[in-house]
1. So if R0 is 51 Å, what FRET efficiency would A:Phe247 and A:Val183 give, r being the distance between their Cβ atoms, rounded to the nearest 0.05?
2. Distance between Cα centroids, segment A:333-388 to segment A:161-213: provide it in whole Å.
3. Pick from A:Phe54, A:Phe194, A:Phe247: which residue has the top mean-square fluctuation in a GNM of chain A where Cα pairs under 10 Å get a spring?
4. Find, to one decimal place in angstroms, the Kirkwood hydrodynamic radius of the protein assembly as shown, where the mean of 1/r is taken over every pair of different Cα atoms and then inverted.
5. Just tell me how shielded B:79-91 is by partners: mean number of partner chain Cβ atoms within 10 Å of each residue's Cβ, no decimals.
6. Hey, got the average number of other protein chain Cβ atoms within 10 angstrom for residues in A:200-207?
7. Give me D for segment A:41-154 in µm² s⁻¹, whole number, from Stokes-Einstein with Rh from the Kirkwood sum over alpha-carbon pairs, 4 °C and 1.567 mPa s.
8. Report the calculated FRET efficiency for A:Tyr305 and A:Trp68 (r = Cβ-Cβ distance, R0 = 25 Å), to the nearest 0.05.
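Where a number appears in this text, it was derived from the coordinates with a stated rule and is not lab data. Remember, predicted model here, so these are calculated numbers, not experimental data. In this analysis, Cβ positions are derived from the backbone assuming ideal geometry, glycine residues included, and neighbour counts consider all displayed protein chains.
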Amino acid sequence: MTHALRLSCLLACLVVPTAATAETSTGDSFWNGLAIRGFGTLGVARSNDERAEFVRDLSQPDGLGRHWSGKLDSLLGLQANLALGDNTEAVLQGVTRYRYDGSWRPELTWAFIRHDFRPDFTVRVGRMGTEFFMQADSRNVGYANLTLRPSPDYFGPIVVSYFDGIDASLTGDTGRGLLRAKVFAGRAAEKTPFVKPFTWDLSGSRMAGGYLDYLSGPWQFRISRSLIRFKHQQPVNAAATQAGIPFDLLAAAPELSITGRHAIYDSLGVVYDEGRLQVQAQLSSIRYDSAVYEDTRAAYVVAGYRIGQFTPFVGYARTHSDPARLRTPLPAPMAEAVRGFIAATHADQATVTLGTRWDFQRDMALKAQLDMVHGNRDSRFPMRDAQPGWDGRLNVFSLALDFIF
Amino acid sequence: MTTPTRLLPLLLLGSLAGTAAGEPLVVVVSAQQRIERLSQEDVTNIFLGRFRTLPSGLPAAPIDQPANSPLRAAFYQQLVNKDVASINAYWSRLHFSGKATPPRQTNSDGEVLRQLLSQPGAIAYVERRQVDARLRIVFEFPP
């Protein structure tokens, strides 16, 4: 109910200034300022191991098996930009992709008004992309990215892709380079899959954060911190019952509760982009003040070198989480069950990626990619439905056509 | 369409010859603007949408040559050593994350001149031989 209400407020936000500006615009038709463009990916992928399902990120309820599947990477986005004068713009974006409930229902991902108070000071209000990590808000725009998909080791735990709120960015010229600061605050509006078939409602969770960028020549450096305070409880007990745990898990171990608890996302990023060479690397730490998730550190580095229309690339990613710590003393069989439950969020794997991007035609790129995942036997979190016998290793083969229009 | 007819043959010749012939590209503003010089970093920041304040304090309004123009390809190659596909990929990231807007795209080099002269803060790149008294060169690529 409140969801629909908030959405209509947003839409009203977009329409009201529209009407106001229409009266004052002179000469050219108001709709001259309207531009509709889109982006998309047609991708197929398969893995060589059915004992664990490889997913693009944890917003997907299930993933790959041995058969070619288009669900992981295929998506379509449409975006309308409406100029409301020289310094103001309204932006609406809808995206359809394989989502938390196993459907392809389109979602309104962006719906905001952007105003440039000065060329170096911009404020946006409405629904917009989250940037917990550098490039997180363009990770679905395949054409903008070198690799076929964002690194699941690094971006996998980021299940929030947009929020309703406000952000502001300020850029200054230091003489040697540019310094940009951005802050944001708002509330999440999405749901995410939990243990199948349950989902976890993130909507209404407060979030805030910011980053500092330094740009100089081919270099970009970023340091960022974001925080989210979860509003809704996870369906822990329902999932526990399904798993055959015969008692109230949340009552036995209250530290598994996530309501009112928060997660902190810290990251460092660097991009070097000069001529044919493109290198990027990021480092992150995610900490939870609930025991239901393990604290995780992750990193990736990817490098590509352009030769004519081809850009072969190579990447390495690593994620590792601290083993669960349970403070509440529990009788042995209960403790076992709880630990088993938490162990499902343990991550300890590395991925080597090889691939190439082929810019064969204007606004289109074909990509082929091989991912080799080498994990420990207890690494479970980055995958869906990992079977007890899985050894933590699998290979993924992918092909994709990225386009913009 | 408002391009003075005496410029037309030059413009046509310019498009045909492209820059393959070696005609240098220069970055220009209207001669009425007060700015004198920009560095390559300034020009990069303006055309890549990173920072668009001119030294005069005025907002910079960059203007692009037509999407398929050889001038556009040559300009970005010289400015940041990137081909057109890489520049388009760069802008797709910013456009679809709702950040900076790309330079205003024109349909002809005649339109580039018209906008240069009519819009405050306008800045564009043209071939050196297109520069007349109405324009001021604010940046030249080192030889």
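1. Taking R0 as 51 Å, the efficiency between A:Phe247 and A:Val183 is 0.70.
2. Answer, in whole Å: 24.
3. Looking only at A:Phe54, A:Phe194, A:Phe247, the largest GNM fluctuation is found for A:Phe247.
4. 25.2 Å
5. Taking the mean over all residues of the peptide, I get 5.
6. Per residue, the number of nearby Cβ atoms from other chains is 0 on average.
7. 81 µm²/s
8. With R0 = 25 Å, the Cβ-Cβ based efficiency is 0.30.
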